[in-house]
1. What's the total number of residues in the stretch 58-68 that are outside any strand (DSSP E or B) and buried (at least 16 other Cβ atoms within 10 Å of the Cβ)?
2. For GLU69, work out the one condition from (1) under 16 Å from the mean Cα position of the chain (by Cα); (2) within 25 Å of GLN111 (Cβ to Cβ) it doesn't fulfil.
3. Among the numbered conditions (1) touching a Pro at 6+ places or on another chain (Cβ under 9 Å); (2) assigned to a helix (DSSP H, G or I); (3) aliphatic (A, V, I, L, M), tell me where VAL89 comes up short.
Amino acid sequence: MSKKLEGNGLFESSRMMLPEHKEAFLHHQERIIKQERPKLDTQELEYLSMMIAHSMQEQAPIVLTLFDEIENKQVTGTIIQIDPARRAVRLQQSEEKRWIPAADIIQASSQR
C-alpha cells in the first residue's frame, strides 16, 4: 500500500489551508462559543409574566426572545395557554401551535 494512506497519511498530505478557509473556520469557531443563560431578576420576571398574561387575555401578538447557547431566537405569536405544572406557555403562530418552556423566555415585547 502507498505510504500516503497509512496511519494518518491521508490527512498528512492535505495540511495546507487557504487563508480564506482558515478565516472562515476561525469565524465559525467564534460563532459557536456557547453563551450562558442570563439570570433574570424579580422585576424582569414580573414584567415577563405581565406581558404573557396580557397576550393571553387580549389575544394580542407578542414577541418572545428565547435563550439559545449559540444565538438567541425570536418568535412571534399569541399566547393561547399557560401551564404552570409544565412551566411552559403555548404559542399560536399562524397555523402552528408550540409549547415553549418558561425558562427559555428571556425577553418579551408587544408586537407593533
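The values are calculated or read from the model by the stated rules, or taken from the named source; none is laboratory data. Since this is a predicted model, take the numbers as computed values, not measurements. As a convention, Cβ positions derive from the backbone with ideal geometry for all residues, glycine included, and neighbour counts pool all protein chains shown.
1. At the first step, the residues of the stretch 58-68 found to be outside any strand (DSSP E or B) are 58-61, 67-68.
Within this subset, residues satisfying the condition of being buried (at least 16 other Cβ atoms within 10 Å of the Cβ) are 67.
The qualifying residues number 1.
2. All conditions pass for GLU69, except number (2).
3. For VAL89, the exception is condition (2).
A quick yes/no check of all residues on (1) modelled with pLDDT under 95; (2) not in a helix (DSSP H, G or I):
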position: HIS28; (1), (2): yes, no
position: ARG37; (1), (2): yes, yes
position: GLN43; (1), (2): no, no
position: GLU46; (1), (2): no, no
position: ILE70; (1), (2): yes, yes
position: ILE79; (1), (2): no, yes
position: SER109; (1), (2): yes, yes
